[in-house]
1. Note the listed values [x] 68; [y] 65; [z] 56, then indicate which one is percent of Cα pairs over 15 Å apart calculated from this particular structure.
2. Excluding Gly60 itself, calculate the net charge of residues whose Cβ lies under 13 Å from the Cβ of Gly60, where each Lys or Arg counts +1 and each Asp or Glu counts -1.
3. So how much accessible area does Asp25 have, in Å² to the nearest 10, using a 1.4 Å probe?
4. Extension gain Asp25-Ala93, at 0.36 nm per residue separation less the Cα-Cα distance, in nm?
5. Based on the Cβ-Cβ distance from Lys63 to Asp35, what FRET efficiency comes out when R0 is 30 Å, to the nearest 0.05?
6. Over the chain, average the accessible area per residue using a 1.4 Å probe and give it in Å², no decimals.
7. Tell me the relative contact order for the chain as a rounded percent, counting alpha carbon contacts under 8 Å between residues six or more apart.
8. Using only helices, what value at 222 nm comes out for the chain when you add -39,500 (n - 2.57) per DSSP H run of length 4 or more and divide by the total residues, to the nearest 500 deg cm²/dmol?
Amino acid sequence: GSVTGIAVGPESFRGKVLRYIPWLDEDLVGESYNDHEPDELLDYGERLLEAAEDKEKELGETKTEEEEEQVTTLKEAAQWCIFWGREGHAMHAWY
């Protein structure tokens, strides 16, 4: 999956993608459906990255291919948020 959609620009965030990560905290998923100012977006990205890294440590070497894809998707979403937040861009949630 991709955190952006086919018909939208790279500054749009497709919050729906996080719904496909069953172990992700529901509050973090829900937050993806809200617009964010740059500082909020940076904070959100850092929290997403922390959740991905925590899950990766928890799973260790025993993770399935599906779990690995979920961690990767979450890391990509986090990096997207961190990049745009640092660049001073807000996020308009698109779902």
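The values are calculated or read from the model by the stated rules, or taken from the named source; none is laboratory data. Note that this is a predicted model, so its numbers are computed, not measured. As a convention, Cβ positions derive from the backbone with ideal geometry for all residues, glycine included, and neighbour counts pool all protein chains shown. For accessibility, only protein heavy atoms count, side chains too; no ligands or nucleic acids. Shrake-Rupley method; radii C 1.70, N 1.55, O 1.52, S 1.80 Å.
1. [z]
2. Numbers: positive: Lys55, Lys57, Lys63; negative: Glu53, Asp54, Glu56, Glu58, Glu61, Glu67, Glu68.
Spelling it out: positives minus negatives among the neighbours equals -4.
3. 80 Å²
4. 22.7 nm
5. Working: r = 33 Å, r/R0 = 1.09.
Working from the Cβ atoms, E equals 0.35.
6. Details: 5710 Å² over 95 residues.
Counting only protein heavy atoms, the per-residue value for the chain is 60 Å².
7. Details: 129 pairs, mean separation 41.8, N = 95.
So the answer I get is 44 percent.
8. Values: 3 runs with 50 residues, N = 95.
Dividing the helical sum by the residues of the chain leaves -17500 deg cm²/dmol.
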